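The values are calculated or read from the model by the stated rules, or taken from the named source; none is laboratory data. Keep in mind it's a predicted model, so treat the numbers as computed, not measured. Please note: Cβ atoms are built from the backbone with ideal geometry, for glycine as well, and neighbour counts cover all protein chains shown.
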Amino acid sequence: MGFEKTLSILKPDATERNVTGEINAMLESAGFRIIAQKKIRITLKQAEKFYGIHEGKPFFDDLCVFLSSDSIVVQVLEKENAIMDYRKIMGATNPAIAEEGTIRQKFARSIDQNTVHGSDSAETADTEIRFFFSDMEILG
Ligand code: ADP
Ligand code: MG
């Protein structure tokens, strides 16, 4: 708990539909500060490295192809209890069961194209932030 940083990704289905501003408005209204941000496109190899923990699962290949299929917004969010609060506002991985008022309930098309990524623990948040950002790119 306490003041935390977490990694957020707005996935290709969000950039494609031009809803990244709407999603970030939800996050800012909920008290998250965006302390680093960039729009990039990653390669399939980079996506496979980022999602390495899921290697071998049946959805791994499609997941990596999707994440590298178009531009994404990667950003660092800061807030009290940011990691779990961001998981909460994202909603369940499967949007069919995501709670009302969550990002995935509002925007996700399917479990494959579910609009947002968020770190799931303090350890993964640190690793995932470092995957995309140098210290110089993150506001102190
Ligand atoms: P989350 O993104 O909620 O942390 P996971 O880390 O379990 O979920 O999975 C990473 C991503 O892989 C999910 O966001 C989703 O897009 C995809 N995924 C997970 N489980 C499945 C599944 N059963 N079928 C298809 N895609 C899945
Ligand atoms: Mg996850």
- [ ] List every residue pair whose Cβ atoms lie under 6 Å apart, where the two residues are 6 or more positions apart in sequence or sit on different chains, the first residue falls within the range 118-133 and is within 14 Å of residue 82 (Cα to Cα), and the second residue, located anywhere, is hydroxyl-bearing (Ser, Thr, Tyr) and assigned to a helix (DSSP H, G or I).
- [x] 118/86
Open item on the list: Checking the conditions here, which among 25, 30 is away from ligand 2 (no atom under 15 Å from the Cβ) and loosely packed, with under 13 Cβ neighbours inside 10 Å?
Closed with: 25
Open item on the list: I'm checking my understanding of the structure. Among residues of the range 61-93 that are out of contact with any Ser or Thr (no Cβ under 8 Å at 6 or more places or on another chain) and within 8 Å of ligand 1 (Cβ to nearest atom), which one is farthest from residue 5 (Cα to Cα)?
Closed with: 62
Open item on the list: Can you pull out every residue in the range 83-124 that is more than 15 Å from ligand 2 (Cβ to nearest atom) and charged (D, E, K, R)?
Closed with: 85, 99, 100, 106, 109
TODO: Of all residues in the range 65-85, count the ones that are of a type outside the set (S, T, N, Q), buried (at least 17 other Cβ atoms within 10 Å of the Cβ) and under 21 Å from residue 18 (Cα atoms).
DONE: 7
Task: Among the candidates 118, 140, 91, residue that is modelled with pLDDT under 95 and out of contact with any Pro (no Cβ under 6 Å at 6 or more places or on another chain) - done: 140
